[in-house]
Amino acid sequence: MPVLEGKGLTKYFGGLVAVSNVDLHVDEGEIVGLIGPNGAGKTTLFNLISGALPLRSGTILFKGQKISGLKPYEICRRGVARTFQSIKVFPDMSALQNVLLGSYFGVSPGMSSMEALREAKEILEFMGLSASSATRARDLTLASQKRLEVARALATKPQLLLIDEMMAGLNPTEVAQAIELVSSIRKNGITIIMIEHVMKAIMNVCERIIVLHHGQKIAEGTPQEIVSSETVIKVYLGERARAAS
Amino acid sequence: MDIARVISKRSSALWAPFLILILLASLPLCAPQYTIILLTTIFMYIVITVSWTMFSGPTGYISLAPAAFFGVGVYTSALLGLVLPLPAIIGIGGLASFCLALFVGALTLRLRGTYFVMFTFGLVELLLHFVLWWEVNITGTTGRVVPTVNNTKVFYFMLIIFVILMFALYTIRGSRFGLALEAIGQNEDAAAHTGVNVTMVKVITFAISAFFMGAAGALMATRWTYIDPKIAFNPLLSFMPVLMAIFGGMGQLYGPIIGAAIFAYLEEFLITRFPYYYMLIFGTIMVIAIVYMPEGLVGLIRRLLKSSTEGRHART
């Protein structure tokens, strides 16, 4: 059963077509990669799913229920969490407080403070951030801030997690750690859609890849199918990718 | 020894406000009337500034609506002063402002930044001119007489409003609601995507802060005996809390209190000593304060404390 289903998703910015008639479906437990050149509409698609932007036309179903038209907080409480491409942690709050907010207001809001605190600490531990739980978010390294965003999203107890460029700007060691984290999040039963330019990460963890170009879905398939697809090579990956694969 | 120091520090932090409060409450027994009136005014400014900070501090939405909410309280008092006892009037004044803020907040709190500032200030002007129009054209008056209440009673009620306000502020700060409010100020989008109903949190806090401004207005009206729309909706009262909070420093809970207290006293002092130059001196002090104390008085005090302890460490 698909966790997420989008039909005919369309969004214009003035005269510019940002996302055009995109259909997508994501099954439970999958990790789906979303790739494409800059300006292809990847982040806009995330914004449509999470409710940050209203749809021009089309519908989005989450677990069979319509979520398009709902406000971001309502979508979050249904079980869809996200991270941001440009980091949006709460800079003057501690890492723990950042995560606590997710526990307090996520899918199960009525939680007791003790319970929320315990859970937030567990998530920080899971994300490898327990050592800096009292640190202000602004003082964390870039890699840690990105992990904190994921931690905060996880604290809302999502069933579907949208990760927007978690690996950009990280060094190779950090990328390897991030890849591991993504796989272990999936092992906890959370479905993931990730936007990523680091192809190594995409190829390693994704079962299926969707390619966007000029707001349109131009290809979809397993990593192997994508790297050998003529259209994808032409618009995005380039000849070197074929040589490498 | 360290533990002992920590404990004594903590209990002094708890007891100091109580002591000050008891001292203040027993003041009318011995102090002259003038002191009581001055203190009432000072506490009025403290209440308005602290309730302004309650919303605008964490969220960063600069509201210039205090004069509107205060004025609604003033007019409540003018309309009901003869009919109801004082506590009821204060409560109704507060509730009227609360409802107005709920309504206005639901309309405007989607606005961000400058637009919100402009709208809130527009609200003051709108109410001022609406009431003026209403009084002239419908009721055929310009001003109203408010039944007076004795000074000590007004002082005590202002103190009670202040205590309730501090209690409310403390409760909000320590709660998950307060955490959400802070998150909204730091990144509203992220807060919304973390499950916070940002509009509701903002509107409710805005309304709670308006409640205290309305209550203060309803109470203060009894001291003025005569009011008209220009007195009730004095735009200056919208700017005062902003200036006082910045002057005191918004980083700490007590910053706006100190700021408002000193500012209010300064105003009284300058008006009585230099009635012609008071605005000029006032403005100069404000400019100097902003240039040299960007974090307000509290920031300055902390810096001084820090450098003095550091100096001590360096010597030993």
**Item:** Pair list, Cβ < 6 Å and 6+ apart or interchain, from the range B:279-294 residues that are within 11 Å of B:L266 (Cα to Cα) to residues that are assigned to a helix (DSSP H, G or I)
**Value:** B:I281/B:L270
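Take the range A:106-135 and flag every residue that is touching a residue at least 40 places away in the same chain (Cβ under 8 Å) and part of a helix (DSSP H, G or I).
Pass one, the range A:106-135, residues touching a residue at least 40 places away in the same chain (Cβ under 8 Å): A:106-108, A:126-128, A:134-135.
Listed by number, the list holds a single entry, A:F126.
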**Request:** Look at A:R186 and say whether it is among the basic types (K, R), surrounded by fewer than 22 Cβ atoms within 10 Å (Cβ to Cβ) and more than 30 Å from A:I67 (Cα to Cα).
**Result:** no
**Request:** Determine whether the range B:171-183 contains at least one residue that is in contact (Cβ under 8 Å) with a residue 12 or more places away in the chain, buried (at least 17 other Cβ atoms within 10 Å of the Cβ) and under 17 Å from the mean Cα position of the chain (by Cα).
**Result:** yes
**Prompt:** When you go through (1) free of Cβ contacts under 8 Å to residues at least 24 places away in the same chain; (2) away from chain A (no Cβ under 14 Å) one by one for B:D189, which number turns out not to apply?
**Reply:** (2)
**Request:** Tally the residues that are out of contact with any helix residue (DSSP H, G or I) (no Cβ under 9 Å at 6 or more places or on another chain) and of a type in the set (K, R), restricting the search to the range A:74-113.
**Result:** 1
**Request:** Only one of these is away from chain B (no Cβ under 14 Å) and either surrounded by 15 or more Cβ atoms within 10 Å (Cβ to Cβ) or more than 13 Å from the chain's Cα centre (by Cα) (or both): A:L170, A:L148, A:L160. Name it.
**Result:** A:L170
**Asked** Mind checking which residues of the range A:61-97 are away from chain B (no Cβ under 11 Å), of a type in the set (K, R) and free of Cβ contacts under 8 Å to residues at least 40 places away in the same chain?
**Response** A:K66
**Count of the range A:121-139 residues which are more than 14 Å from chain B (Cβ to nearest Cβ), farther than 18 Å from A:R186 by Cα, crowded, with 16+ Cβ neighbours inside 10 Å and not charged (D, E, K, R)** = 3
**Asked** Got a number for residues in the range B:43-80 being among the aliphatic types (A, V, I, L, M) and in a loop (DSSP other than H, G, I, E, B)?
**Response** 3
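On the given criteria, is A:S50 within 14 Å of another protein chain (Cβ to nearest Cβ) and surrounded by 21 or more Cβ atoms within 10 Å (Cβ to Cβ)? Can you show your working first?
On the way: within 14 Å of another protein chain (Cβ to nearest Cβ): yes; surrounded by 21 or more Cβ atoms within 10 Å (Cβ to Cβ): yes.
Yes: the conditions hold for A:S50.
Yes or no: A:R118 surrounded by fewer than 15 Cβ atoms within 10 Å (Cβ to Cβ), under 23 Å from A:V80 (Cα atoms) and away from every other protein chain (no Cβ under 13 Å)? Steps first, answer last, please.
Values: surrounded by fewer than 15 Cβ atoms within 10 Å (Cβ to Cβ): yes; under 23 Å from A:V80 (Cα atoms): yes; away from every other protein chain (no Cβ under 13 Å): yes.
When the stated conditions are applied, A:R118 passes them.
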**Asked** Among (1) within 14 Å of chain B (Cβ to nearest Cβ); (2) buried (at least 21 other Cβ atoms within 10 Å of the Cβ); (3) under 14 Å from the mean Cα position of the chain (by Cα), where does A:V26 come up short?
**Response** (1)
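From B:R223, B:R176, grab the single residue that is within 12 Å of chain A (Cβ to nearest Cβ) and of a type in the set (K, R). Working first, answer last.
On the way: B:R223 fails: within 12 Å of chain A (Cβ to nearest Cβ).
Just one listed residue meets the conditions, B:R176.
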**Qualifying residue in the range B:112-132 (condition: more than 28 Å from B:L39 (Cβ to Cβ) and outside any helix (DSSP H, G or I))** = yes
**Asked** Within the bounds of the range B:219-233, is there any residue that is of a type in the set (D, E) and assigned to a helix (DSSP H, G or I)?
**Response** no
**Fill in**
Among B:R144, B:R223, B:R173, the single one that is under 28 Å from B:R112 (Cβ atoms) and of a type in the set (K, R) is B:R173
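Readers should treat all values here as calculations from the given coordinates under stated rules, not as data from a laboratory. Treat the numbers as computed from the prediction; the structure is a model and nothing was measured. Cβ atoms come from the backbone with ideal geometry, glycine included; neighbour counts cover every protein chain shown.
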